Amino acid sequence: MYFAVPDKYRQASDDELIQWIKEAKKSYGDRMLILAHHYQRLQVAELGDFVGDSYELSKNASERKDADYIVFCGVHFMAESAEILSGDNQKVFLPNPLAGCPMADMADIEDVMNAWNYLKEIGIAAQTLPLSYMNSAAELKAFCGREGGLICTSSNAKAAYKYVFDRAEKLFFFPDENLGYNTGRWMGFSDDEMVLWDFRSEDGGIDPDKLKKAKVILWKGHCHVHTNFKSQHVDEMREKFPGVKIAVHPECTWEVVDRADAVGSTKFLVNYIDEQPPGAIIAVGTEINLINRMAHRHPDKNIFELSGQICPVCANMYRTTLADLANTVENIDSFKKITIPKDIQAEAKLALDRMLEVH
Ligand code: 13P
Ligand code: SF4
């Protein structure tokens with residue numbers, strides 16, 4: 001996809017861009033809603049009418065029926081979810097259309113259908129409900145809706161597991177093996193009860209007898225930002241800073257979340273950091289823009305990223321610039337809105353509505 005911001009915006013100063021965004025926003029009043037995820041760069045987040053985690057943002061999109069234009073500063077699956085949950089007369093825009101999520105791309109619908117058909121062949125699909133993380137394409141959400149399953153985010157994964165096990169014997173979790181595995185462990189499942197489906201093998205690379213006995217089937221997918229944090233980073237920080245609080249996102253591996261003091265969604269991490277007393281030392285295992293924003297907000301606390309070595313940036317979240325946002329809000333009627341085929345939208349909405357119910 002080719003995407004370039006017009007020269008007017010590329011050549012403008014940050015102050016000019018901010019002023020244009022504010023003016024355009026003002027002219028639309030409540031008819032325009034700017035939503036921003038916690039991983040957006042500081043200046044973009046500051047212009048959001050609402051900044052939140054992916055659950056809160058989708059809830060906001062579903063509730064703000066007065067907004068004709070929803071400008072979503074985040075990544076593609078988030079804008080798609082907002083489009084599914086908003087009303088027919090509302091339009092959703094992604095200021096930088098190249099902002100995707102590599103983890104969501106790891107669960108291609110064709111691979112998912114091949115896996116599901118295999119489960120049917122060996123006779124276990126009827127006892128299985130699909131559960132997809134919000135970080136997934138609309139087609140995968142539609143599959144979950146059609147099959148009686150649902151969507152979760154990192155803030156309601158346990159409640160979604162409960163929803164599934166109240167109705168089925170097995171759960172198929174897409175596409176984050178880490179959030180899926182961590183939630184399985186918190187819900188009391190053992191390693192013997194959880195298997196990892198490798199979509200590159202026709203049989204998932206799992207012995208059929210093991211698959212038949214499994215309670216939780218995890219799709220092989222991960223976030224390349226969060227899996228950079230390692231258990232040794234936790235150990236090193238504890239040694240270097242006695243009393244340090246370690247707070248991480250559940251997309252990190254089990255070896256990291258199990259050693260942390262606090263684990264939760266981006267909203268949870270923001271609240272946790274806000275609540276620590278002045279002077280607190282907090283090492284955070286998540287995306288760098290959230291961490292920098294928190295360090296900026298709390299100069300009286302020592303807030304830094306957990307590894308001490310890597311820069312955990314989500315390049316896709318970082319794609320949205322002030323220039324993209326100004327270009328979108330000033331030219332919104334000529335900008336391409338997010339569109340999803342009606343049938344996919346209807347089935348995906350079933351799965352997202354179930355998510356909103358179980359929170
Ligand atoms: P949250 O739902 O916690 O905001 O996380 C979304 C995400 O993409 C984290 O990498
Ligand atoms: Fe996707 Fe990871 Fe970026 Fe979240 S941080 S949007 S999971 S790539």
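The numbers here are math on the coordinates, done by the rules we state, and not lab data. Bear in mind that the values here come from a model prediction, so they are computed numbers and not experimental data. Cβ sites come from the backbone with ideal geometry, for glycine too, and all protein chains shown count toward neighbours.
Remark: the chain carries a charge dipole of roughly 440 debye about the Cα centre, counting +1 on each Lys and Arg Cβ and -1 on each Asp and Glu Cβ.
Local charge sum around E110 (other residues, Cβ-Cβ under 13 Å, Lys/Arg +1, Asp/Glu -1)? Net of charged neighbours comes to -4. By the compact-protein rule of thumb, 2.2 N^0.38 Å, the alpha-carbon radius of gyration of region 46-185 corresponds to a ratio of 1.10. Cross-link pairs exceeding 29 Å between alpha carbons, from the set K220/K336; K26/K91; K120/K158; K212/K342; K22/K59; K26/K342: K220/K336; K212/K342; K26/K342. Straight-distance candidates among the aspartates and glutamates for linking to K170, with alpha-carbon spacing under 16 Å and chain neighbours fewer than 8 residues away dropped: E121, E147, D191, D192, E193, D209. Helical runs assigned H by DSSP (4 residues or longer) give the chain a calculated mean residue ellipticity at 222 nm of -12500 deg cm²/dmol, each run adding -39500 (n - 2.57) before division by the residue total.
Projecting the Cα atoms of Y163, S190, S132 onto the dipole axis of the chain, where Lys and Arg carry +1 and Asp and Glu carry -1 at the beta carbon, places Y163 farthest toward the positive end. Structural descriptor for region 54-154: relative contact order 25 percent, calculated from alpha carbon pairs under 8 angstrom and at least 6 residues apart.
Please work out whether region 125-233 counts as rounded, prolate or oblate from its C-alpha gyration tensor, where a ≥ b ≥ c are the square roots of the eigenvalues and a/c under 1.5 means rounded, while otherwise a/b larger than b/c means prolate and anything else oblate? Rounded shape, in that the Cα axes give a/c under 1.5.
Among E169, E236, E357, E80, sorting on how many other beta-carbon atoms sit within 10 Å of each Cβ, with the fewest leading, yields E357, E169, E236, E80. What shape does region 216-276 take by its C-alpha gyration tensor, where a ≥ b ≥ c are the square roots of the eigenvalues and a/c under 1.5 counts as rounded, a/b above b/c as prolate, and the rest as oblate? It is oblate, given that a/c is not under 1.5 and a/b is not larger than b/c. So which aspartates and glutamates pass the test for K337, namely a Cα distance under 15 Å, with those fewer than 8 places away in the same chain ruled out? Cross-link targets: D68, E80, E83, D88, D324. Coordinate range of the alpha-carbon atoms in region 1-60 per principal axis, descending: 35, 30, 22 Å. The Cβ shell under 13 Å around T227 holds other residues with a net charge of -3, Lys and Arg each +1, Asp and Glu each -1. Panel order for H296, H233, H222, by other beta carbons found within 10 Å of each beta carbon, from fewest to most: H296, H222, H233.
For the pair region 254-323 / region 112-176, the C-alpha centres are spaced 30 Å from each other. Counting only DSSP beta bridges with both residues in the chain, the antiparallel share comes to about 0 percent.
Partner aspartates and glutamates whose Cα lies under 17 Å from the Cα of K267, excluding those fewer than 8 positions away in the same chain, are identified as E46, D49, D53, E56, E251, E275, E287, E305. With only Cα atoms counted, the chain has Rg and Dmax values of 20.7, 63 Å.
Once you sort the root eigenvalues of the Cα gyration tensor of region 157-312 as a ≥ b ≥ c, which label holds: rounded (a/c under 1.5), prolate (a/b larger than b/c) or oblate (the other case)? Prolate, since a/c reaches 1.5 and a/b exceeds b/c.
Neighbour counting of Cβ atoms within 10 Å sorts the residues D333, D274, fewest neighbours leading, into D333, D274. Using a cutoff of 8 angstrom between alpha carbon atoms and counting only pairs six or more residues apart, the relative contact order for the chain works out to 23 percent. Farthest toward the positive end of the dipole of region 1-68, out of Q40, Y55, P6, is the Cα of P6, where the dipole comes from beta carbon charges about the Cα centre.
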